[in-house]
Every structure is written in C-alpha cells, then in structure tokens.
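Notes follow once the structure below has been shown.
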C-alpha cells in the first residue's frame, strides 16, 4: 500500500525503537504483551530472537531493531511484544515484534502523511508506507507485510505451514 492508496483517516499503533518512532496500521495488530521469556531457536537469523508461548500457540518473536540494523533490544520495564498479523503468500502468519515501548494509538489523515523518501536505487524502502507527521515529529509508517521477504518468513514456517 502506498500513500496514494491511503484515502481516509487510519489508526496507527506507535512504538519506539531507539530514539525513533515507528507505526503499524492498527488493523495488523492483534495485541500488545509485556516482555516475556523468549526461547531461542538454533540456526535462525539474528533478528529472530526466538519463540514465545501465546495461549498454547508457538509464536516467533522478531527484533525490529536488529532487522533495521540497530543494536539488539534490551529488556527494560517498558519493553513489550507487539503481536501482529503478516500476510505471506496470501496466508496469515502471527508474529511477535519486540519494541522498546508502545506509545499510543493515533489517527492520521491523508494530509498528515508524506510519501516514503526515495534513497537511491540500492536501498529498498518499499516497507515504509509513508512518513507520518504528528506534533512536529516524524513517524515511520511500516507496511508489515513488506518488512520481511517471503523467503525470510517462509523459513520460519515448517512443512505443515505452522510457524516454527
């Protein structure tokens, strides 16, 4: 989805990674959990911190800070896991995303969103829906379906289609 396809006010869940504020369309967010024990899975990419037990289901937990080239998320009193739904090959996958803290749910209208910057031809920024403007701050509006490549997410699934 591009900024041109955002035709109405949309709600976003905002969260912090280091000093930056990011946002996910609230329709992709299932819930927000306090930080919990994460079980490490051998031979997974660095950005995949492990799995958690979510009411009997195994849910992989991704560290967005590592995925975006930052330092690993450290556990603090504000650290949380955002449970989100990602579309992979027309199937829904539930993932946990580590965040330094969740800020708020906010409404952004089309007049508050600018297109994602084009940064040369070698850097992929298609996972950024746009740049939101709120109270003199910029928010990176993420398209969670495009943050991960299909290969990265399919590596997290076993042959039965269940997330590892």
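The values are calculated or read from the model by the stated rules, or taken from the named source; none is laboratory data. Bear in mind that the values here come from a model prediction, so they are computed numbers and not experimental data. Cβ atoms come from the backbone with ideal geometry, glycine included; neighbour counts cover every protein chain shown.
Residues that are in a loop (DSSP other than H, G, I, E, B) and without any contact (Cβ under 8 Å) to a residue 40 or more places away in the chain were ranked within the stretch 8-43; the one that is nearest to residue 143 (Cα to Cα) is 19. Of the residues screened, residue 113 is not one that is more than 21 Å from residue 138 (Cβ to Cβ), in contact with a strand residue (DSSP E or B) (Cβ under 8 Å, 6 or more places away or on another chain) and surrounded by 15 or more Cβ atoms within 10 Å (Cβ to Cβ). Before we move on, is residue 101 within 20 Å of residue 27 (Cα to Cα) and either surrounded by 13 or more Cβ atoms within 10 Å (Cβ to Cβ) or in contact (Cβ under 8 Å) with a residue 40 or more places away in the chain (or both)? Yes, satisfied.
Taken together, the residues in the stretch 45-58 that are in contact (Cβ under 8 Å) with a residue 24 or more places away in the chain and either surrounded by 16 or more Cβ atoms within 10 Å (Cβ to Cβ) or touching a strand residue (DSSP E or B) at 6+ places or on another chain (Cβ under 6 Å) (or both) amount to 6.
Quick one: would you say residue 148 is at pLDDT below 85 and closer than 28 Å to residue 9 by Cβ?
When the stated conditions are applied, residue 148 passes them.
Just to verify a result, which residue in the stretch 117-145, among those that are part of a loop (DSSP other than H, G, I, E, B) and modelled with pLDDT of 75 or more, is nearest to residue 57 (Cα to Cα)? Residue satisfying both the conditions and the ranking: 143. The single condition among (1) within 23 Å of residue 38 (Cα to Cα); (2) touching a strand residue (DSSP E or B) at 6+ places or on another chain (Cβ under 9 Å); (3) in contact (Cβ under 8 Å) with a residue 12 or more places away in the chain that residue 71 does not satisfy is (2).
A count restricted to the stretch 49-72 and to residues that are part of a strand (DSSP E or B) and under 19 Å from residue 22 (Cα atoms) stands at 3.
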